[in-house]
1. Each residue of the stretch A:89-105 in turn: what ³J(HN,Hα) in whole Hz from Karplus with 6.51, -1.76, 1.60 and θ = phi - 60°, glycine and Pro shown as x?
2. Looking at chain B, send over the antiparallel percent of its DSSP beta bridges, to the nearest 5.
3. Starting with the highest mean, order A:162-174, B:197-209, B:166-178 by the number of other Cβ atoms within 10 Å, averaged over the residues of each peptide.
4. Can you give me the C-alpha center-to-center distance between the stretch A:27-57 and the stretch A:8-24, rounded to a whole angstrom?
5. Apply the Karplus parameterisation 6.51 cos²θ - 1.76 cosθ + 1.60, with θ equal to phi minus 60°, to every residue of the stretch A:27-37 and state each ³J(HN,Hα) to the nearest whole Hz, in sequence, with x for glycine and proline.
6. Antiparallel as a % of all DSSP beta bridges within the stretch A:1-127, to the nearest 5?
7. Please list, short to long, the whole-number percent of alpha-carbon pairs of the protein assembly as shown in consecutive 20 angstrom bins beginning at zero.
8. Please report the antiparallel percentage of DSSP beta bridges with both residues in the stretch A:3-74, rounded to the nearest 5.
Protein chains: 2
Amino acid sequence: MRVLYHLTLSPAARKVRVVLAEKNLEFTLKLEKTWERRPEFLALNPAAEVPVMIEPDGTVLAGTDAIVEYLDEVYREKLLIGINPIDRAEVRRLCAWFDVKMNLEVTENLLGQKMMRRYGGQGQPNSQAIRAGHANLPNHLDYVGYLVERRRWLAGDHFSVADITAAAHLSALDYLGDVPWEGHDPAKEWYARIKSRPSFRAILADHVPGAPPPAHYADLDF
Amino acid sequence: MRVLYHLTLSPAARKVRVVLAEKNLEFTLKLEKTWERRPEFLALNPAAEVPVMIEPDGTVLAGTDAIVEYLDEVYREKLLIGINPIDRAEVRRLCAWFDVKMNLEVTENLLGQKMMRRYGGQGQPNSQAIRAGHANLPNHLDYVGYLVERRRWLAGDHFSVADITAAAHLSALDYLGDVPWEGHDPAKEWYARIKSRPSFRAILADHVPGAPPPAHYADLDF
């Protein structure tokens, strides 16, 4: 059986979970407290980060992009990175938008401060960072809205890893109750479509012990 | 003619320049002072970052990974991301190591503080960040050394984008005189091989007005 090392609220791990589910690939989740730096885990990924995936034949894959690109190359029944080089470039541009730019401006400032510090034992959250995260988030909701007012999905006509990447970040932030959906109707309508996909069910069923999600988190009609 | 918008010391833009040169693809460089946020440039890339590439047919590509993956998909005479899915995963894992982990721990702390702040007008360099960058850099030289003591190139038998990515960061830091090559012989020997490649000539000829490189920067026998 395929194994995926993850953290429940890690957007990077959520991205791989949804890609696997979209492709109907079975896997077992293993929670990895990366901050414990287990030697056995460091041997799998010296960067000490999730996700790490072990294929049924024992092949070890580390790193979000490495795993997602591998899955789209090997399991081709349903392609998630686009079907021609130009479409694929647009999907990858948007993945970097959310995984690099939004991650730095929002996710690290909110999720990183509130949860990773709390569970990773890196001290008290930095209130200045949290304010910056809240201030930056509406820009990214606006960008999602801008895109889906012009296209069916973020990168074009087809659902893609760009949608999964944005939803991975927003779902983790939504678990914290940090996403101001009101006033961002196009982004909210897009996220409602994401939430209704079977591949997202496990994400919506997530539960971090001692930190339950707000009531609307799993609600398809939020 | 293909156009590449860049900044001279941007590791992301250097990566694309070397990929283009390795593939013998001609291009014209245009210097883009991203901090000026020119509306015409924002229309090409709303993230306001280099590299942005315009293909001869007018196709606009933004984002390092998007451009590099596109080039390796379309111009296939010399493949730089590996030839099978597992090799490609290892190349991409290492690209993330340097573009994400080393970038955060080292490049942003040194290059970001010293040059981008100076030219980008974001205030004085933060001496604590610069100390952290210097403290972290030897770990990454050790990792390069660890890899090339076991493999011909960073990701395996073949020269790849993993080598180009590591060299893009290290060359920009070396321009600042910040790389402690002494005491890191395996990494130094690997970088000497990189410097001797024709694709690296233009990088070694770079010159930022008012900030000349140290004498060893362009020296193949440094």
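1. Couplings: 5, 5, 4, 5, 4, 6, 4, 5, 3, 7, 6, 10, 6, 5, 4, 5, 7 Hz.
2. 65 percent
3. Packing order, densest peptide first, comes out as A:162-174, B:166-178, B:197-209.
4. 15 Å
5. 7, 10, 8, 10, 6, 10, 7, 4, 5, 7, 6
6. The answer is about 60 percent antiparallel.
7. Spelled out per bin, shortest first, that is 24, 60, 15, 0.
8. 60 percent
Only the coordinates and a few stated rules stand behind these numbers; no lab work does. None of these values were measured; they are calculated from a predicted model. No Cβ is skipped: glycine too gets one built from the backbone with ideal geometry, and neighbour counts run over all protein chains shown.
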